[in-house]
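All remarks here apply to the structure that follows.
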Amino acid sequence: MTDGPIPNTAGKGGFAAVIVAAGQGLRAGQPLPKQFAVWHGKPVLRHSVEALAAAGARLIVVAIPEDADDVAAAALSGIAHVRLVTGGDTRQASVANALASLEGEAPEFVLIHDAARPHIPVDVIERLLGALTDFSGAIPVLPVVDSLSVDANGLMSGSADRDQLRRVQTPQAFRFADILAAHRAWNADHAAGDDAQVAAASGYEVAHVTGDEVLRKLTFAEDFMTDLPDIRTGMGYDVHRLAAGEELWLGGLLIAHDRGLAGHSDADVALHAVVDALLGAIGEGDIGQHFPPSDPQWKGANSAQFVEHAAHLVAAAGFRISNVDLTIVCEAPKIGPHRAAMRQKLAELLGVDTSRVNVKATTTEKLGFAGREEGIAAQAIATVVATDRKFER
């Protein structure tokens, strides 16, 4: 931020901006007004100031609460061509003060924006400024998608035609001379009306341009929940040798083959890799700790129960399975004909949709034990997401 006079660079052909940041933001539940609260690593106000500066605003006037100069200056430290003015008791009064401070620079256009809307897409700004060729003002709007009800003491007393209604956002764009005159002529309730209404009350035409959902306003404490979701990933790898006289269980399926996998349980190498991936994601050791080969109860056991046990542990730890990716490494049998059935079986065992499970296969180009068809290997990666944390919005 710069002190002293601002260069007259917002004149003919350029645009200036006004950011309304004089409110208290009490509903946001922050220890200071929400426009100065940290959101995504920086004060909320700084997000919109930086966005407008990057979009070409040559002068940005920020209306702030009384006695907030120090906190505002700290929030905007290092940003050039920013001027602070004290806001009024209402939004309209704050905008009027900011516009009056711009009179000496007399920019051709001005964007008026709410500090609580930190994201400003450049394409919205372009649409707004483009509309000022034909109109005195332009505002970004979005359709109303929900049904509407007229409230009368908590009871429905009617409805409204949502096709005729639009949700209004900021920034709102105006020819500077017109909006300055409109604010000076405004004699209605100073607590009512945004800048588009002020302009319309003076007979100026205000166009609609397409807004953007990213322009939503930070209002409630939940909007400042920036804890990232607890996402964890585990990897599993297993190998079993092929032996005559054994059944071949692979991916939860009994597959016809001249040999099967040898091991203490049914030796389903694919399911074992998935189990280890799930256990790894939640820090619960490996399959050998939960189902030790020294324990006779697991001799010949169906590995499906191991997968179900691991999925239960994931849920008990406060997580849900996001996805599992399984790779089977072998020369034979061919996995392609069984891929869909394996995927379905795994999804059933994990209690997830099949879209969250992937099964693929590869060979080692005749290299190593798998290439010599001495055994089959499998590798799995599992991602789990915490269910007991609030997600960022």
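When only C-alpha pairs under 8 Å and at least 6 residues apart count, what is the relative contact order of the chain, in percent?
15 percent.
Where nothing but the Cβ of Lys and Arg (+1) and of Asp and Glu (-1) is charged, how large is the charge dipole of the chain around its Cα centre, in debye to the nearest 20?
360 debye
Hey, what did the range 15-224 get for relative contact order, percent, Cα under 8 Å, at least 6 apart?
Here the relative contact order equals 25 percent.
Suppose a student asked you for the relative contact order of the range 64-118, using Cα pairs under 8 Å spaced at least 6 residues apart; what percent would you report?
The normalised contact order for the range 64-118 reaches 27 percent.
Give the residues of the range 254-293 whose amide nitrogen is closer than 17 Å to a point set 7 Å from the Cα of residue 354 in the direction of its Cβ.
254
Under a plain spin-label model, where a point goes 7 Å from the Cα along Cα-to-Cβ, how far apart in nm are residue 325 and residue 168?
4.8 nm
Give the order of 194, 268 when sorted by the count of other beta carbons within 10 angstrom, beginning with the fewest.
By the 10 Å Cβ count, ascending: 194, 268.
Take every Cα-Cα pair in the chain and report what % of them are more than 27 Å apart.
Here the long-distance tail beyond 27 Å is 63 percent of all Cα pairs in the chain.
Count the lysine pairs in the chain that are 8 or more places apart or on different chains: how many have C-alpha atoms under 26 angstrom apart?
Lysine pairs satisfying the spacing and distance rule in the chain number 11.
Would you calculate the separation in nanometres between label points at residue 70 and residue 142, each defined as 7 Å from the Cα along the Cα-to-beta-carbon direction?
Reported label-point gap for residue 70 and residue 142 is 3.8 nm.
For the chain, what is the percent of antiparallel DSSP beta bridges, rounded to the nearest 5?
60 percent
A short reminder: the numbers here are calculations on the coordinates, not readings from a lab. Since this is a predicted model, take the numbers as computed values, not measurements. Backbone-built Cβ (ideal geometry, glycine too); neighbour counts: all protein chains shown.
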